[in-house]
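Have a look at this one before I ask anything.
The values are calculated or read from the model by the stated rules, or taken from the named source; none is laboratory data. Just so we're clear, the structure is a prediction, and the values are computed from it rather than from any experiment. Glycine also receives a Cβ, built like all others from the backbone with ideal geometry; neighbour counts cover every protein chain displayed.
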Amino acid sequence: MDKHFLIGAATAAHQVEGNNTCSDFWVMENLKHSDYAEPSGTAVDHYNRYPEDIKRLSDAGLNAYRFSIEWARIEPEEGRFDEREIAHYRDMLRCCREYGVTPIVTLHHFSSPAWLIRKGGWKKEYVVGAFARYVRYVAMQLGQELGCVCTINEANMGYQLQKVMADMRNSSRKEGDVQVGVELDMKKILLSMIEQGIAFRCSPLRVNAYLRPRSEEQEKIVMRAHQAAKQALKFVNPEIKVGLTLSLFDYQPTEDGREIAAQLWHEDFGMYLPYIRDDDFLGVQNYSRKIVDKNGARQPAPDAPLTQMGYEDYPASIGNVLRKVAKEFPGELIVTENGLATADDKLRCEFIREAFAGVQAARADGVPVSGYLYWSLLDNFEWQAGYSKTFGLIAVDRNTQTRTPKESLRVLGELARTEKDSYKGE
Ligand code: BGC
């Protein structure tokens with residue numbers, strides 16, 4: 001890992017590359033009764049335009065880029081690995097280095113090859129060996145060029161989704177409050193489930209894509225997949241820094257909410273800690289806070305500023321979460337995602353300044369944070385919510401694929417330059 005603090009932005013392959021045709025998401029998005037707002041299609045064509053996107057990131061002053069390698073491209077059919085796709089990601093890694101940008105690579109960011117679903121997806125032990133085999137291949141091919149690797153993005157998402165679904169069944173609420181954009185309309189989900197079963201040639205109840213509810217026991221499969229991947233990477237190159245990322249809320253208890261807040265934190269974090277405590281780093285991903293009383297997490301107050309995602313615009317939460325994590329996780333922390341979905345870039349600029357100040361304050365108090373990666377570099381495909389949510393530092397006109405950098409890109413770049421200046425003379 002570079003000695004200097006990393007400041008950059010993140011993306012995920014399926015959300016930006018386009019034409020991820022061998023993936024499970026592609027199948028689900030293109031059904032007649034798909035529960036996706038729209039298909040990902042050509043996305044923002046980052047597959048072809050990554051050199052100009054990485055150049056823009058670097059020109060703005062950022063020094064790190066987190067992107068993901070798409071398993072469905074590398075292994076489009078079970079056991080058949082595509083060398084051209086490996087060459088593509090090797091080029092991306094080299095492009096980062098050419099522009100003085102540190103690459104942080106994610107090996108699984110929600111999407112999987114469609115064939116994995118027929119094998120039981122992320123609820124069957126089979127995925128552990130299959131994922132390790134893919135990671136071994138990537139490590140053998142790219143191992144000497146990988147510096148820092150996140151095995152699985154938001155490894156705690158299955159249990160968070162399970163809780164959201166349970167909440168929905170027990171209340172009249174139509175919207176869930178998991179942070180990632182997912183469809184929660186039961187009628188839509190059921191119709192699409194039937195078609196998914198047909199498309200994947202398995203029972204509709206067994207379409208276990210990654211973004212599906214999982215029990216505590218099933219989450220252990222995800223943990224074993226992480227550990228097997230870590231072993232495969234270290235075997236090829238022990239120098240690679242390996243960790244995973246977790247989706248973490250800043251739970252703020254009222255006087256009578258302490259016990260429940262502690263329980264929620266345990267379910268998001270403590271439950272996973274035994275499996276990750278020896279990792280080289282932890283990727284911390286946070287987007288908002290939740291106020292917790294004796295009945296659980298409250299909806300945001302009526303006058304609270306909301307993001308396009310429906311949760312509160314609350315930039316202070318990242319600093320709070322870093323401090324909380326550092327009390328229990330013994331190693332290095334990297335903010336692998338933090339961002340704001342808004343059409344008003346002025347709000348994004350404010351968000352970035354405040355969130356970053358929270359990170360710096362935590363560092364000043366000794367929290368071992370080594371990087372801050374804003375989500376996202378580009379406006380992109382927000383999963384089931386489609387393209388309507390804009391998190392990006394760079395806007396994209398999807399008709400022409402023209403990029404327009406936003407003021408927020410300049411603001412984050414300025415923070416990076418100021419940080420760099422503080423090293424002068426070292
Ligand atoms: C995910 C991203 C997603 C972002 C914003 C995170 O949960 O890793 O893929 O786009 O949140 O919802």
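Of the residues that sit in segment 62-90 and are part of a loop (DSSP other than H, G, I, E, B) and surrounded by 19 or more Cβ atoms within 10 Å (Cβ to Cβ), which one is farthest from the chain's Cα centre (by Cα)?
E75
Let me confirm something: among W383, W375, which residue is aromatic (F, W, Y) and in contact with a strand residue (DSSP E or B) (Cβ under 7 Å, 6 or more places away or on another chain)?
Values: W383 fails: in contact with a strand residue (DSSP E or B) (Cβ under 7 Å, 6 or more places away or on another chain).
Going through W383, W375 in turn, just one is aromatic (F, W, Y) and in contact with a strand residue (DSSP E or B) (Cβ under 7 Å, 6 or more places away or on another chain): W375.
So, one more: Could you check segment 232-247 and list, in sequence order, the residues that are within 16 Å of the ligand (Cβ to nearest atom), more than 15 Å from S68 (Cβ to Cβ) and small (G, A, S)?
Hit for segment 232-247 is S247, nothing else.
So which of S68, S58 is small (G, A, S) and touching a residue at least 60 places away in the same chain (Cβ under 8 Å)?
S68
List the pairs whose first member sits in segment 194-208 and is surrounded by 12 or more Cβ atoms within 10 Å (Cβ to Cβ), whose second member is of a type in the set (V, I, T), and whose Cβ atoms are under 6 Å apart, counting only residues at least 6 apart or on separate chains?
Final answer for the pair search is Q196/V207; A199/V27; F200/I117; F200/V207; P204/I194; V207/I117.
Would you be able to say whether some residue in segment 328-342 is under 21 Å from the mean Cα position of the chain (by Cα), within 16 Å of the ligand (Cβ to nearest atom), in a strand (DSSP E or B) and of a type in the set (S, T, Y)?
Scanning segment 328-342 turns up at least one residue that is under 21 Å from the mean Cα position of the chain (by Cα), within 16 Å of the ligand (Cβ to nearest atom), in a strand (DSSP E or B) and of a type in the set (S, T, Y).
Residues of segment 27-61 being assigned to a helix (DSSP H, G or I) and within 16 Å of the ligand (Cβ to nearest atom), which ones?
Listed by number, the residues that qualify are M28, E29, H46.
Being part of a helix (DSSP H, G or I) and hydroxyl-bearing (S, T, Y) is the filter here; which residues of segment 268-298 pass it?
Correct list: Y275 only.
Moving to a separate point now. Can you tell me which residues in segment 263-304 are closer than 17 Å to M157 by Cα, surrounded by fewer than 16 Cβ atoms within 10 Å (Cβ to Cβ) and either touching an Asp or Glu at 6+ places or on another chain (Cβ under 8 Å) or at pLDDT below 95 (or both)?
Hits for segment 263-304 are G270, L273.
Output the residue which, of all residues in segment 91-100 that are of a type outside the set (A, V, I, L, M, F, W, C) and outside any loop (DSSP other than H, G, I, E, B), is farthest from the chain's Cα centre (by Cα).
Here is the first cut: in segment 91-100, the ones of a type outside the set (A, V, I, L, M, F, W, C) are 91, 94, 97-100.
Checking the rest, the ones that are also outside any loop (DSSP other than H, G, I, E, B) come to 91, 94, 97-98.
Values: D91: 22, R94: 22, R97: 22, E98: 25 Å.
It comes out as E98.
When Y387 is evaluated against the numbered criteria (1) in contact with a helix residue (DSSP H, G or I) (Cβ under 6 Å, 6 or more places away or on another chain); (2) under 30 Å from S34 (Cβ atoms); (3) among the aromatic types (F, W, Y), which criterion, by number, is the only one it fails?
Checking Y387 against (1) in contact with a helix residue (DSSP H, G or I) (Cβ under 6 Å, 6 or more places away or on another chain); (2) under 30 Å from S34 (Cβ atoms); (3) among the aromatic types (F, W, Y), the one that fails is (1).
Is there a residue being among the hydrophobic types (A, V, I, L, M, F, W, C), crowded, with 19+ Cβ neighbours inside 10 Å, more than 14 Å from the ligand (Cβ to nearest atom) and more than 30 Å from D185 (Cβ to Cβ) anywhere in segment 361-369?
yes
If I filter segment 183-201 for residues that are at pLDDT below 95 and within 16 Å of the ligand (Cβ to nearest atom), do I get at least one hit?
Yes, because at least one residue in segment 183-201 is at pLDDT below 95 and within 16 Å of the ligand (Cβ to nearest atom).
Take segment 85-144 and flag every residue that is more than 16 Å from the ligand (Cβ to nearest atom) and small (G, A, S).
Matches in segment 85-144: A87, G100, A114, G120, G121, G129, A130, A132, A139, G143.
Let me ask something else. Is segment 140-151 home to any residue that is of a type outside the set (K, R), assigned to a loop (DSSP other than H, G, I, E, B) and within 29 Å of A416 (Cα to Cα)?
Yes; the residues of segment 140-151 include at least one that is of a type outside the set (K, R), assigned to a loop (DSSP other than H, G, I, E, B) and within 29 Å of A416 (Cα to Cα).
Looking at segment 335-350, I want the residues that are more than 16 Å from K389 (Cα to Cα) and have a partner that is part of a helix (DSSP H, G or I) with Cβ atoms under 7 Å, at least 6 apart or on another chain. Which pairs are those?
That search, which allows pairs on different chains as well, returns V335/I318; V335/V359; C349/E407; C349/S408; C349/V411.
Check whether at least one residue in segment 379-386 is within 14 Å of the ligand (Cβ to nearest atom) and surrounded by fewer than 21 Cβ atoms within 10 Å (Cβ to Cβ), and report yes or no.
Yes, segment 379-386 contains at least one residue that is within 14 Å of the ligand (Cβ to nearest atom) and surrounded by fewer than 21 Cβ atoms within 10 Å (Cβ to Cβ).
Kindly list, by first and then second residue, each pair from a residue in segment 376-396 that is under 22 Å from W26 (Cα atoms) to a residue that is within 8 Å of the ligand (Cβ to nearest atom) and part of a helix (DSSP H, G or I), limited to pairs with Cβ atoms under 8 Å and residues at least 6 apart or on different chains.
Listed by first residue and then by second, the contacts come to S376/Q15; N380/Q15; F381/Q15; E382/Q15; W383/Q15.
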